[in-house]
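Written out below as structure tokens is the structure these notes cover.
Only the coordinates and a few stated rules stand behind these numbers; no lab work does. The structure presented is a predicted model; accordingly, all values stated were derived computationally and were not measured.
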Amino acid sequence: MQTEHKLPSFTNVPLATQVLLVRPASFGSNPQTAATNAFQQEVPAGTEAQVQQRALDEFNQFLLKLWAARIDAVVLDDVTDPATPDAVFPNNWISFHQGGKVVLYPMLSPTRRLERRPELLAQLQEEHGLPFTEVIDLTPFEDEGKFLEGTGSLVLDRQHKIAYACLSERTHREPLEVFCEKMGYRPIMFHAVDANGLPIYHTNVLLTVGADFALVCLEAIPDEEEQGFLLEALADTGKEILDLSLAQVKKMAGNMLQIRNKVGEPVLVMSEKAYKALRKDQFEELNSRTKMVRSDLRTIEAHGGGSARCMLAEIFI
């Protein structure tokens, strides 16, 4: 049980005050993404409807827990036609930035590109009053076979304008450099592999950057020079570094997001599996710095290959 105590407010740190979620309508494992996502498991034949229902139940419980933590969550509904099995992960195709800037991203899977429905942006503007002053469209990189999958590929330190990115088949240098040029960020690039030596597909499964801490799996970064650049950047920006193991990464302990709730409190959002994967010392360190919210996302994690952070697109107003 989390101990009640006075937490720092980090009023100078740009934590999102609102998040976007997409309620799944056709959730399942995506064969187009399976080859590059070792976290993803195939849905057994004949269980598609049950898996969609379990994912929907998990989504709704997750949403209730966010609301209970006084987090401002905007919800859009997925459509059944076209079927988009990964629509529950909107952070890969869009990101929102202070001043009303929106970035649209190039994605590897043709199925995932269908998630970028123009009517969703219109709905956010008309029904939720989000002011978009500029849309930066990086999707033409898809024609070159180059990808940058939103805040899956990018872990952003918005205060210090640093974009952390582990390069992979879904995260290429060229669109990353264009993002940084247009948005005024400094890139910190590295390579990361899992316990089997396979490239880790998204940066946000091995790195979480909070207001004054960072969860990072150094074990996943074999190049000592790249690891050094990453550690130096995190230390120089005042982050308390909590080192995760590859075993913890497999349980989604790197896939968390810190948000500011409606009363200004920092809240770290994670799955139940990620929460249980934390060591006692890691939990105590985080508990002294932030509130925590956790929810059971086992179906979404197993068949989607993503977790709590992937389900949240941060909104800055």
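For this structure, a couple of remarks:
- Taking Gln125, Gln53, Gln41 in turn, the Gaussian network model of the chain (Cα-Cα springs below 10 Å) assigns the largest fluctuation to Gln125.
- J(HN,Hα) series, the stretch 76-81, from Karplus relation 6.51 cos²θ - 1.76 cosθ + 1.60, nearest Hz, glycine and proline x: 10, 9, 5, 10, 8, 9
- The stretch 164-214 shape via C-alpha gyration tensor axes, a/c threshold 1.5: oblate
- Rounded to 5, percent antiparallel among DSSP beta bridges of the stretch 45-186: 65
- Compactness ratio for the stretch 59-174: Cα radius of gyration over 2.2 N^0.38 Å (N = residue count) comes to 1.12.
- Each Cα pair under 8 Å and six or more residues apart adds its separation to the average, and for the stretch 18-315 the resulting relative contact order is 23 percent.
- Anisotropy class of the stretch 129-267 from Cα gyration tensor, a/c 1.5 cut: oblate
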